[in-house]
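Student: Right, I'll just put the structure down here and ask away after.
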Amino acid sequence: MSQRGAERSVMSEPFDCDSCKESLYGRKYIQVDDVPHCVPCYDRLYANTCQECKELIEHNSRELYYEDRHYHEHCFRCSRCRRSLADEPFTSQEDALVCNDCYCNEFSSKCVACGKTVMPGSKRLEYGGCAWHEECFVCCGCEQPIGAQSFIPDKGEYYCVPCYEGRFAPRCAHCKQILVQGGVTYRDEPWHKECFLCTGCKVQLAGQPFTTQGEDPYCVKCFSNLYAQKCSACDKPITGFGEGKYISFEERQWHQPCFKCSECSVSLVGAGFFPDGTKILCKSCNTK
């Protein structure tokens, strides 16, 4: 066979679409794994469906891919403002694409200090349902950013601890220093526990009984030694603590348990008695 005859034999071999079997001579075609397909069959078999418009993304269309979904370039857009997201930052909100500007306007917090949006990813502080830019959350006293420091809220204002203590914290009535915690209240004034002392012996009075003479606090022992009346029977102070009930007659006082007949020792509390010099007598002993 001549060379020309061989060429005619090759050119006469079929060159058809693998799917529809139509001839591809003189037509545009696309090969998949070395298998030729006409363009309509290729699009039907291999083209993806656009998530937005539900149409096929044809072979000559620019296709965008996001989270297992396919889009025409012109369909890949913000669900709010409809701007193209092909070259824009975006996020997904409940399966809808949203550009960064729309997301911030709709979902981001507003700084209560400056009124501007607190952008996603930026440093911010939240308290009581409100948000601040980190640089906008400042102490109402010194006007310095509080940052990660401790702070104290007061009537809608916020203070760093040093400023709050300097303005509002109670001060001990004795040493005038700030009470950080605890303390004792005496005559409607705060005291450090270590500053609230007996006027006499200087023992701490917090947590134990005490009494006063004028404006001065005393422990029971010092008050008894300095100011308490003495029982006419036992000569011990009548303090008002413990066995505090007492009997008074003329210028003499007795502890209630000590108020008894000087002769037979029967209790005279609630009974008639008869004074006899320094003694007190029951009716029986008085008639002897």
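The values are calculated or read from the model by the stated rules, or taken from the named source; none is laboratory data. Owing to the predicted nature of the structure, the values given are computational and were not obtained by experimental measurement. For neighbour counting, all protein chains shown are included, and Cβ atoms are generated from backbone atoms with ideal geometry for every residue, glycine included. We work out accessible area using only protein heavy atoms, side chains counted, and drop any ligands, DNA or RNA first. Shrake-Rupley method; radii C 1.70, N 1.55, O 1.52, S 1.80 Å.
Student: How many residues, within region 126-141, are of a type in the set (S, T, Y) and over 17 Å from I152 (Cβ atoms)? It would help to see each step written out before you state the result.
Tutor: Keep residues of region 126-141 that are of a type in the set (S, T, Y), which gives 127.
Filter once more, so that each one left must be over 17 Å from I152 (Cβ atoms): none.
Qualifying residue count for the region: 0.
Student: Still on this structure, please answer the following. Going through region 245-263 one residue at a time, which ones are open to solvent by 70 Å² or more (accessible area, probe 1.4 Å) and at pLDDT 90 or above?
Tutor: Result: K260, single match.
Student: Still on this structure: Checking the structure you have, find out if any residue of region 70-82 is free of Cβ contacts under 8 Å to residues at least 60 places away in the same chain, surrounded by 13 or more Cβ atoms within 10 Å (Cβ to Cβ), under 16 Å from Q51 (Cβ atoms) and of a type in the set (S, T, N, Q). Talk me through it step by step, then tell me what you get.
Tutor: We begin by selecting, within region 70-82, every residue free of Cβ contacts under 8 Å to residues at least 60 places away in the same chain; these are 70-82.
Going one step further and asking which of them are surrounded by 13 or more Cβ atoms within 10 Å (Cβ to Cβ), we end up with 70-80.
If we keep only those that are under 16 Å from Q51 (Cβ atoms) too, we end up with 70-79.
Next, only the ones that are of a type in the set (S, T, N, Q) stay: 79.
Looking through region 70-82, at least one residue is free of Cβ contacts under 8 Å to residues at least 60 places away in the same chain, surrounded by 13 or more Cβ atoms within 10 Å (Cβ to Cβ), under 16 Å from Q51 (Cβ atoms) and of a type in the set (S, T, N, Q).
Student: Kindly provide the set of residues from region 142-181 that are in a loop (DSSP other than H, G, I, E, B), within 20 Å of Y127 (Cβ to Cβ) and of a type in the set (A, V, I, L, M), ordered by number.
Tutor: Here is the first cut: in region 142-181, the residues in a loop (DSSP other than H, G, I, E, B) are 142-144, 146-150, 155-156, 168-170, 172-177, 179-181.
Next, only the ones that are within 20 Å of Y127 (Cβ to Cβ) stay: 142-144, 146-150, 155-156, 168.
Of everything in region 142-181, those that are in a loop (DSSP other than H, G, I, E, B), within 20 Å of Y127 (Cβ to Cβ) and of a type in the set (A, V, I, L, M) turn out to be I146, A148.
Student: Something else: Kindly check whether there is at least one residue in region 68-90 that is closer than 30 Å to G147 by Cα and outside any helix (DSSP H, G or I). Full working, then the answer.
Tutor: Initial filter on region 68-90 (closer than 30 Å to G147 by Cα): 89-90.
Next cut, outside any helix (DSSP H, G or I) only: 89-90.
Scanning region 68-90, I find at least one residue that is closer than 30 Å to G147 by Cα and outside any helix (DSSP H, G or I), so the answer is yes.
Student: Another question about this same structure. For region 73-101, which residues satisfy the criterion of being closer than 30 Å to C38 by Cα and either modelled with pLDDT under 85 or in contact with a Ser or Thr (Cβ under 6 Å, 6 or more places away or on another chain) (or both)?
Tutor: A86
Student: Name every residue in region 194-238 that is under 30 Å from T278 (Cβ atoms), in a loop (DSSP other than H, G, I, E, B) and either open to solvent by 40 Å² or more (accessible area, probe 1.4 Å) or at pLDDT 80 or above (or both), in order of residue number.
Tutor: Y227, C231, S232, A233, C234, D235, K236
Student: Now, a different point. Tell me, which residue of region 13-59 that is open to solvent by 90 Å² or more (accessible area, probe 1.4 Å) and hydroxyl-bearing (S, T, Y) is farthest from H72 (Cα to Cα)?
Tutor: Ranking the qualifying residues of region 13-59, first place goes to Y25.
Student: Look through region 94-135, keep the residues that are touching an Asp or Glu at 6+ places or on another chain (Cβ under 7 Å) and part of a strand (DSSP E or B), and return whichever of them is most open to solvent (accessible area, probe 1.4 Å).
Tutor: Only one residue tops the list, namely R124.
Student: Residue by residue through region 146-187, note down the ones that are open to solvent by 70 Å² or more (accessible area, probe 1.4 Å) and either in contact with a strand residue (DSSP E or B) (Cβ under 8 Å, 6 or more places away or on another chain) or in contact (Cβ under 8 Å) with a residue 60 or more places away in the chain (or both).
Tutor: Result: Q149, S150, R167, F168, R171, H174, Q177, T185.
Student: While we're looking at this one, here's another question. So which residues in region 60-69 are open to solvent by less than 80 Å² (accessible area, probe 1.4 Å) and touching a strand residue (DSSP E or B) at 6+ places or on another chain (Cβ under 8 Å)?
Tutor: S61, E63, L64, Y66
Student: Regarding region 96-109, can at least one residue be identified that is out of contact with any strand residue (DSSP E or B) (no Cβ under 7 Å at 6 or more places or on another chain), farther than 30 Å from D68 by Cα and hydrophobic (A, V, I, L, M, F, W, C)?
Tutor: Within region 96-109 (the criterion being out of contact with any strand residue (DSSP E or B) (no Cβ under 7 Å at 6 or more places or on another chain), farther than 30 Å from D68 by Cα and hydrophobic (A, V, I, L, M, F, W, C)), the answer is no, since none of the residues qualifies.
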